[in-house]
Amino acid sequence: MVFNYNGIIMNDSTNETGASRESEPEGVEEVYSRPVKAGRRTYFFDVKATRGDDYYITITESRKRQNKDGSIFYDKHKIYLYKEDFDHFVDGLRDVVGFVKTAKPQFFEGGATSPSGDTPSSDAPTRDL
């Protein structure tokens, strides 16, 4: 059983978009999940626990794609972030987002479109890191 950000119980093998989630190694438990929809992409911020009750984070980018035969699949890219790296990761992310905000402030004005053509979701957080 997995609880997502809204407290909804989700099946371990599917997410809110109906896409199948990869299976985790034995002994890994997903304890918290926060999906963020951003245009054609969905990002999943998942907190997982090892058998030793250590927590780590996975960040997954998922994009719905279509095969030549018309069937749908999800293209996924995943980052594993371990507890000893949390502060360094947040510092680096703050730094690069701050750079972009300074260099290209128009990207953060209402309704901006990213270079890939995605428009930020209205439910996406707008607060600083």
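The values are calculated or read from the model by the stated rules, or taken from the named source; none is laboratory data. Owing to the predicted nature of the structure, the values given are computational and were not obtained by experimental measurement. Cβ placement follows ideal geometry from the backbone for every residue including glycine, while neighbour counts extend to all protein chains displayed.
Odds and ends about this structure:
- Within the set F107, F86, the sole residue that is of a type in the set (F, W, Y) and over 25 Å from D54 (Cα atoms) turns out to be F107.
- Selection within segment 26-39 - part of a loop (DSSP other than H, G, I, E, B) and surrounded by 13 or more Cβ atoms within 10 Å (Cβ to Cβ): V28, G39
- Taken residue by residue, segment 56-68 has no member that is at pLDDT below 95, surrounded by 10 or more Cβ atoms within 10 Å (Cβ to Cβ) and among the β-branched types (V, I, T).
- Qualifying residue in segment 104-114 (condition: hydroxyl-bearing (S, T, Y) and modelled with pLDDT under 90): yes
- Of all the listed residues (D53, D91, D85), the sole one being part of a loop (DSSP other than H, G, I, E, B) and either β-branched (V, I, T) or closer than 21 Å to R34 by Cβ (or both) is D53.
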